[in-house]
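Beneath this line is the structure, given in C-alpha cells, with notes to follow.
No value in this document is a laboratory result; all are computed from the given coordinates. A quick note: this is a predicted structure, and the numbers were derived from the prediction, not measured. Cβ placement follows ideal geometry from the backbone for every residue including glycine, while neighbour counts extend to all protein chains displayed.
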Amino acid sequence: MTQVNVEKKSEGKMRAVVIKADGEQQRAAPSRSIIDPWENIHIEMSQGIISPPFEFLGLQSIYEMSSELQSNIDAMRTNIPGFGWRLKRLTHTRPVADEEPDPLVEMRAHHEKQELDAFLTYIDYDDQSFTKLRGRVREDQEVNGNAFVEVIRDLSGQAANWRFMPAYTMRTTLVDPEVIATVQKQRMIRNGHSVIRHVRKQKRFRKFVQAKVNGPFGYSTHRSGDDMPTMVWFKQYGDPRTMDWRSGEYVDPLELDPRWHATEVIHLKNETARSVYGTPRWIGALVPLLGVRSAEEINYTTFRNNNIPSMAVLVSGGTMTEGSIDRISQFVESAIQGDDNYSKILILEAEGVEDDMGDMANVRMSIQPLTKDQHTDGMFTNYDQRSREKIRQSFRLPPIYVGRAEDYTRSTADVSRRIADEQIFNPERLEEDHFMNRFLLQEFDMEFHEFVTNTPNITNDEDIVRVISGAERTGGMTPRVAHSMLEDILGRELPPPQGIDLDIPFSLQMADAVKNQAMPTEPGQQVTALKREATALKREVAVRCAAALEDGYTPEDILTELFESGASAGFTAKTVLALLGVAND
C-alpha cells in the first residue's frame, strides 16, 4: 500500500508532497510458535536436574533465524550421514579361496546380515529412513551441541526402535552415586575367528528427563493427560535397573506395571570440559552471527520503509489546493499500482499568493524524481561478509560447501572437497561408525559385519589407477585389498572374487599360472602357455633323436623322418643336425 505524506512550511513559499511506499515499520522476525517447556517448571535441586550452559530453545531460535548458520549445518548434515550406510563383511570372516566355505558359518553370517538390515531399515519409530533419522540427530547436535535418541525395546528386552527427541525438551541429572555392575561385550579375533567376550564393569549412570510439550508443536514420548506429571523420566542407555517414568525412581521390576517402565536415552554431544552437556561448535561466532542478522534487519527496514521517496511534487510561488492534495492521495492509492494504469493522467491545481508588494506571484509546479538518490545497495556489506566468514570458519568449511563458488575452478574445487572430507567429515563419520558398531555389538552380538557410513567419491580416477598400478608392480596390491577399495569407492558390498587367492598379488598368481619362460632380454613380457608346450615338445624331439641314434638310425634317416612326419616341433635342419652331433656342411 502506498502512503502520501504532506510536509508544510509555514514560513516559506515552498511546499512538498512526498510520495513513497508504506512507512509502517515491521520487524523481520517470525512470531513465537514454540514455548519453552521448561519455562514454567520449577526444577528442584533435590532431583539433581542440571541446566545446560546455553538454553537449547534459544540456540534453536537463532538457528531458525540465521541463513548463514543453516547453510553451514546443512553442509554438515549432508556430508556426514547423508550418503547412506551399509553393512560390510569383516575381512577375517570371509572364506579363503583355497578352502571350502563352512556352510554353518556362512548361514550364521547371512542370518546376522538379515537381522541387522531389518533393524536398521525400520529403526525409526516415526517411519522415517535411518539416514533421515541420523540427519535429524546430526542437525540437533550441531545446533545445540547435544542430541538425544530414545531406545525402545520390545517385550523380550531386545532393542526394536529408535526415536529422535528434540534437545530443547531434554535435561540430564547428576551422576548417580550408586555403582552398578554391568556386562559389556567386546569383539576379539582369536585363531582367525571372531569371538564375543563378556566383560564385567562397574559404572555410574545418569537420569534424563523430558518436559512434556502439548499442542500442535508438541513432543510427548508417552501418553499424557491432565492427571499425568509434567515431566517424563528416562534412564541412561545400558542401565540394567527398572525405572518408573512417572517419578524417576528405581523400583522392583516385579512390582511395576510394564506400562510404566522407563525407556533408555542415548546422549550424543560435542564434548566440553566445563559441563555434562555439549556446546555447539559455532558458539564462539555468536556475536558475528547476531550481527549478520541485525544488519539484514536494518537493510530490510530501510528498503521496506523507502526512507528516500521516489518523487516529490514541488510548488513555488503559490500553494496547492486541498483538492489537489486529496486527488494525489486517491490517485496513488487507486491508479498508480498495477500494469493497466500506465496511461492515466493526473491533473493538479495550485493557487498563487501575494508577495510583500501586494502583487500575485507566478506559480510554478514541478515533479522532481528522486530515484537516483535512493539506496541501490544494502549497508554493512563488508561487515556482513567478514562475519559470514567467521561463522563458516567455526565449522572449518570451504566456501564451496555454503554456495560460494564464484572463484573456484575444477582443480581448486576438487582439492577443497578432498581436504574437507579428510579433516572434517570423515573423522565425524568414523566416530559415528564406532558408536554404531558398539551399539549393534551390544544388542545383536554382531560377529561377521561392521557398520560403515558411505562416503562420496572424491578421488580422481587417474590417481586411483596410478596407485593400483604402482602397488601391483611392487606386489602390494592383493585381490582382497583391491576388492576393499572398490567397495569403498562404489559405496556398496561386492561379491568376493572367485577362483583366486585373495592374499597373493594377482601378478604373481598370473606368472605362476603362465610359467613365464621369457628370456632376460624380454623384460616385462609374459609368454603364453603355448610357448611352454612348444619348449617341452622340442625337448621330447631331442630325446627321441638321441634314442634313434642309439638304435642305429643314421642322422639322414632321422632328419627325413622328422620333416616328413611334421614332428620337427619348429626345429630347423641345422638345429636337428646339431642335436644329432652331425656337422653342417
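What are the ³J(HN,Hα) values, in whole Hz, obtained from phi via the Karplus relation 6.51 cos²θ - 1.76 cosθ + 1.60 with θ = phi - 60°, for each residue of the range 237-250 in sequence order, with x given for Gly and Pro?
4, x, 6, x, 7, 9, 10, 8, 6, 7, 10, x, 8, 7
Skipping prolines and chain starts, which residues have an amide H placed within reach, meaning under 5 Å, of the one on Trp85, given they are 5 or more residues away or on another chain?
Counting only residues 5 or more places away or on other chains, the set is Asn454.
Listing Ser247, Ser61, Ser324 from the residue with the fewest other Cβ atoms within 10 Å to the one with the most, what is the order?
Details: Ser247 14, Ser61 17, Ser324 20.
Ranked by crowding around the Cβ, least crowded first: Ser247, Ser61, Ser324.
How much net charge surrounds Asp551 when only the other residues with a Cβ under 15 Å from the Cβ of Asp551 are counted, with Lys and Arg +1 and Asp and Glu -1? Mind showing how you got there, number by number?
Details: positive: Arg544; negative: Glu550, Glu556, Asp557, Glu561.
Charge balance near Asp551 sits at -3.
Among Val143, Val541, Val195, rank each residue by its count of other Cβ atoms within 10 Å, from fewest to most, as a rough exposure measure. Mind dumping the intermediate values first?
Numbers: Val143 22, Val541 18, Val195 11.
Least to most surrounded, the residues fall as Val195, Val541, Val143.
Sort Asp501, Asp140 so that the residue with the fewest other Cβ atoms within 10 Å of its own Cβ comes first and the one with the most comes last.
Working: Asp501 16, Asp140 27.
Lowest count first: Asp501, Asp140.
Rounded to the nearest 0.05, what FRET efficiency is calculated for Glu406 and Leu174 with R0 set to 51 Å and r the Cβ-Cβ distance?
On the way: r = 51 Å, r/R0 = 1.01.
Working from the Cβ atoms, E equals 0.50.
Just to be sure I understand the model, the point goes 7 Å from the Cα along the line to the Cβ. What's the resulting Phe380 to Val465 distance in nm?
Calculated label separation equals 5.3 nm.
Could you calculate the FRET efficiency of Asn362 with Gln393 from 1/(1 + (r/R0)^6), where r is the beta carbon distance between them and R0 is 60 Å, rounded to 0.05? Before the final figure, lay out each step's value.
Values: r = 66 Å, r/R0 = 1.09.
E(calc), rounded to 0.05, equals 0.35.
Which FRET efficiency value, to the nearest 0.05, is calculated for Glu64 and Leu290 with the Förster distance at 22 angstrom and r the Cβ-Cβ distance? The partial results should precede the final answer.
Working: r = 14 Å, r/R0 = 0.62.
The formula returns an efficiency of 0.95 here.
Where Lys and Arg each count +1 and Asp and Glu each count -1, what net charge lies around His110 among other residues with Cβ under 14 Å from its Cβ? Could you put the intermediate results ahead of the total?
Numbers: positive: Arg89, Arg94, Arg108, Lys113; negative: Asp102, Glu106, Glu112, Glu115, Asp117, Glu447, Glu493.
Once all neighbours under 14 Å are counted, the net charge is -3.
Check which residues have an amide H placed less than 5 Å from Asp124's amide H, if you skip close sequence neighbours.
Here the answer is Trp162, since their amide H atoms fall under 5 Å of that of Asp124.
Net charge near Asn79: determine it from the other residues with C-beta under 11 Å of the C-beta of Asn79, scoring Lys and Arg +1 and Asp and Glu -1. Provide the component values of the computation, followed by the final result.
Details: positive: Arg77, Arg138, Arg417, Arg429; negative: Asp74, Asp421, Glu428.
Cβ neighbours under 11 Å give a net charge of +1.
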